[in-house]
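The values are calculated or read from the model by the stated rules, or taken from the named source; none is laboratory data. On a predicted model such as this, the values are computed, not experimentally measured, just so you know. Backbone-built Cβ (ideal geometry, glycine too); neighbour counts: all protein chains shown.
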Amino acid sequence: MRNYIIGIIGIASLLLFMQGCGPGVRRYEHKGVPAVIGREAVKQDYFCASCEGRGLRQEDNIGAVYSFDLNGRKIKVLCLSEWLQIDEKAVRMPLPTRCETGKVFVSKALLSYVKNIGRIKQGRPIRVMIDPGHGGKDPGAIGNGLKEKDIVLDIAHRLKRYLVSSGAEVRMTRDKDVYITLKRRAYLANKWAPDVFVSIHANSSRNPGGRGIEVYYVSEKVNDTNRAVVSQENGVLDIEGRVPDSELKVVLWDMIHTENRAESRRLARKISQKIARIMQSPDRGAKGAPFYVLKWVNAPSVLIEVGFVSNPQEASRLASPGYRDRIARAIFEGLISYFEELRIQ
């Protein structure tokens, strides 16, 4: 009797999950995703699961569940859902499966999962160091009931889960509400030698209308646009105490950053592009700025400002777990795009 009840509950849940799907492969509506996939969107973010002889099979009578083979893996997808199965393992994609007349489109992230994003040229798992800004006695930006240190830690944990599930090795400079100096963050990164370093922050402005997500790479240039955010994120140095670096150390690190800066810029652009698409926000492009935490990391590094806690509307969105999860997915997609490009070079 108990198994019978569990079975009934399972069937009911599946029917509710697939609500709105009709017979055959057709176009589906999805909140937050355009109803019609434009050619550019398909090219950039999706691949056609029903093309190239992958043996697409309809698994149910209402045309909502499909399966196909990809690089020797058995894939099962559900129209409109971000969840799918890879060899019976449930995996969440950054974008929902799209079903249209005669075709099924799946997020390109699946290609990296199947190939194992965790492996690049050297045939070893990639290493990603995630740096949630501030923490402990340093709350970071405060506004509309939110603290930067809490928001960015939550996003960092979500990003870590996406990366680990894809086969990457991940470490965090902090995984709880503790204070870590900027120099210590750089030291932890360099000791582990990651392939990329991602520092996550939230912004604030005296202008309550300030809004948007921005991605930075290290640069010595300071202008009126980035001066305020650089001052804000480097301001923790006043707590730590400033110790001048030796002339030799500065010269050596300038040589290292000549090599890393180009890769950091490319990484920042990839993440910025994915954020624009997934978050449906303007692409602000990658920007250079002299962030201290990036300057001393010996790896391609970016700093992401996920939004303004000083803006009431943006703060309301940042308070939402679902919105923070979308940000984590967008960053993850940007990392996928970056490593995919490295793989084919």
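Here are the numbers:
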{"read-out": "From GLY288, GLY322, GLY307, residue being in the same structural domain as ARG211 (by TED's automatic domain parsing), crowded, with 24+ Cβ neighbours inside 10 Å and either in contact with a Cys (Cβ under 8 Å, 6 or more places away or on another chain) or among the small types (Gly, Ala, Ser) (or both)", "value": "GLY307"}
{"read-out": "Matching strands (runs of 3 or more DSSP E) fully within the stretch 1-97 where at least 1 residues are at pLDDT below 85 and either of a type in the set (Gly, Ala, Ser) or in contact with a Gly (Cβ under 9 Å, 6 or more places away or on another chain) (or both)", "value": "89-92"}
{"read-out": "Enumeration of residues in the stretch 177-228 that are over 27 Å from LYS274 (Cβ atoms), among the charged types (D, E, K, R) and at pLDDT 90 or above", "value": "ASP177, ARG184, LYS191"}
{"read-out": "Members of the stretch 116-146 that are outside any loop (DSSP other than H, G, I, E, B) and surrounded by fewer than 15 Cβ atoms within 10 Å (Cβ to Cβ)", "value": "ILE142"}
{"read-out": "Flag if SER246 is modelled with pLDDT of 95 or more and surrounded by fewer than 13 Cβ atoms within 10 Å (Cβ to Cβ)", "value": "no"}
{"read-out": "Qualifying positions in the stretch 157-172 - crowded, with 20+ Cβ neighbours inside 10 Å and in contact with a Gly (Cβ under 9 Å, 6 or more places away or on another chain)", "value": "LEU163, SER166, ALA168"}
{"read-out": "Residue check for VAL152: of a type in the set (A, V, I, L, M), buried (at least 18 other Cβ atoms within 10 Å of the Cβ) and more than 21 Å from ILE200 (Cβ to Cβ)", "value": "no"}
{"read-out": "The listed residue being touching a Phe, Trp or Tyr at 6+ places or on another chain (Cβ under 9 Å) and of a type in the set (Ser, Thr, Tyr), out of SER281, SER337, SER301", "value": "SER301"}
{"read-out": "Selection count where residues are surrounded by 22 or more Cβ atoms within 10 Å (Cβ to Cβ), over 18 Å from the mean Cα position of the chain (by Cα) and free of Cβ contacts under 8 Å to residues at least 60 places away in the same chain, scope the stretch 79-115", "value": "2"}
{"read-out": "Any hit, the stretch 99-115, residues being outside any loop (DSSP other than H, G, I, E, B), within 30 Å of LEU56 (Cα to Cα), among the β-branched types (Val, Ile, Thr) and modelled with pLDDT of 90 or more", "value": "yes"}
{"read-out": "Pairs with Cβ under 6 Å, 6+ apart, first in the stretch 192-206 and under 16 Å from ALA315 (Cβ atoms) and in the same structural domain as ILE142 (by TED's automatic domain parsing), second surrounded by fewer than 22 Cβ atoms within 10 Å (Cβ to Cβ) and not hydrophobic (A, V, I, L, M, F, W, C)", "value": "SER204/GLY143"}
{"read-out": "ARG329 being buried (at least 24 other Cβ atoms within 10 Å of the Cβ), under 15 Å from the mean Cα position of the chain (by Cα) and either more than 24 Å from ALA186 (Cα to Cα) or of a type in the set (Lys, Arg) (or both)", "value": "yes"}
{"read-out": "The stretch 307-317: number of residues that are under 15 Å from the mean Cα position of the chain (by Cα) and modelled with pLDDT of 95 or more", "value": "0"}
{"read-out": "Pick from the stretch 283-340, criterion among the acidic types (Asp, Glu) and in contact (Cβ under 8 Å) with a residue 40 or more places away in the chain, ranking: nearest to VAL218 (Cα to Cα)", "value": "GLU305"}
